[in-house]
1. How large is the dipole of the chain about the Cα centre if only Lys and Arg carry +1 and Asp and Glu carry -1, each at its Cβ, rounded to the nearest 20 debye?
2. Work out the charge dipole of segment 156-239 with +1 on the Cβ of Lys and Arg and -1 on the Cβ of Asp and Glu about the Cα centre, then indicate which of Ala199, Ile215, Ala161 is farthest towards its positive end.
3. Rg(Cα) of segment 156-239 divided by 2.2 N^0.38 Å?
4. Assigning unit charges at the beta carbon (Lys, Arg +1; Asp, Glu -1) and nothing else, what dipole magnitude in debye, to the nearest 20, does segment 9-151 show about its Cα centre?
5. Give the long-range amide H neighbours of Arg28: residues separated by 5 or more places, or on another chain, with amide H under 5 Å away, using H modelled in the peptide plane at 1.01 Å from N.
6. Per 0.36 nm of contour for each residue apart, how much would the distance between Val147 and Asp74 grow if the chain were fully extended, relative to their Cα-Cα spacing?
7. State whether segment 69-153 is rounded, prolate or oblate according to the following rule on the C-alpha gyration tensor (a ≥ b ≥ c being the square roots of its eigenvalues): a/c under 1.5 gives rounded; otherwise a/b larger than b/c gives prolate, and the remaining case gives oblate.
8. Please work out, to two decimal places, the log10 of the ratio I(q)/I(0) at q = 0.10, 0.13, 0.21 Å⁻¹ from a Debye calculation in which every Cα of segment 9-151 carries one identical scatterer.
Amino acid sequence: MTHGGYARPDLLVETDWLEAHLEDANLRIIDCDQYEHFVRAHIKNAVGISEHHYLKGPNYLDDRFNNPLVADPDYIAALMSGMGIDKDTVVVAYDHSGGLYAARMWWVLNHYGHTEVKILNGGWAKWFDEQRAVSIDPTDIVAKTFVPENNPDNVCILDYALEQVGKSDTIFLDVRSDGEWEGSDTTRGNNRAGRIPGAVHLEWLNFIQQDRYRIIKPASELHELFERNGVTPDKQIITY
């Protein structure tokens, strides 16, 4: 699980680490892709998310604009409890999308106070290609009790963000696609095209290797990329 040079190496695990811990009683593996992908095949002992993987609530697909940033505490409590997660559970999230949806799961759990969450580097593709244990059967789940604890520190509210625009010690980091940044991509349903004034644009794909496994780039490369764009530790970084 060692990742040299990262400030938080504990947030990533490699496939060999997960294989060695596959039968740990306090481990829950979550397949964060669309549920139909999970049903076709998944990492042994993993559970799938039958709801939309953004975890914004049961009616998200019906009304995207009026749904909250994340589902409410009661909804998340029921979902996580049903997946066998409590305060002592170590969660490993994975997907086949470069960590995009696994990172969303990481954020949601951290938002509700559960910090024992890790992302599988290389995800499903790397695990599958290495011929590690997979299954097509549902995983037996013993329900537990998940108690959400609100963690407001990882959310920037709009009023605070407006106060930070133009400040020299704050960087707004826009990680959306190049098309969204330019205003040419109108497929995401945004009410208006554009970006926050003075924002730095680094599409999230810049942070992962552009190959089949899409693993996180080495810390040295990420450090150089951020520094070149003025995203440095002395600044307050607000991402969107």
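1. Computed charge dipole of the chain: roughly 300 debye.
2. Looking along the dipole axis, the top candidate is Ile215.
3. Details: Rg = 14.2 Å, N = 84, 2.2 N^0.38 = 11.8 Å.
In units of the globular-protein estimate, segment 156-239 measures up at 1.20.
4. 200 debye
5. Correct list: Val90, Val91, Val92.
6. Values: separation 73, 0.36 × 73 = 26.28 nm, distance 0.89 nm.
In short, 25.4 nm is gained.
7. The shape class here is oblate.
8. -0.30, -0.52, -1.40
Any read-out appearing in this document is the output of simple, stated calculations on the displayed coordinates, not a laboratory observation. The structure displayed is predicted, hence computed values, not measured ones. Every residue, glycine among them, receives a Cβ derived from its backbone with ideal geometry; neighbour counts consider all protein chains shown.
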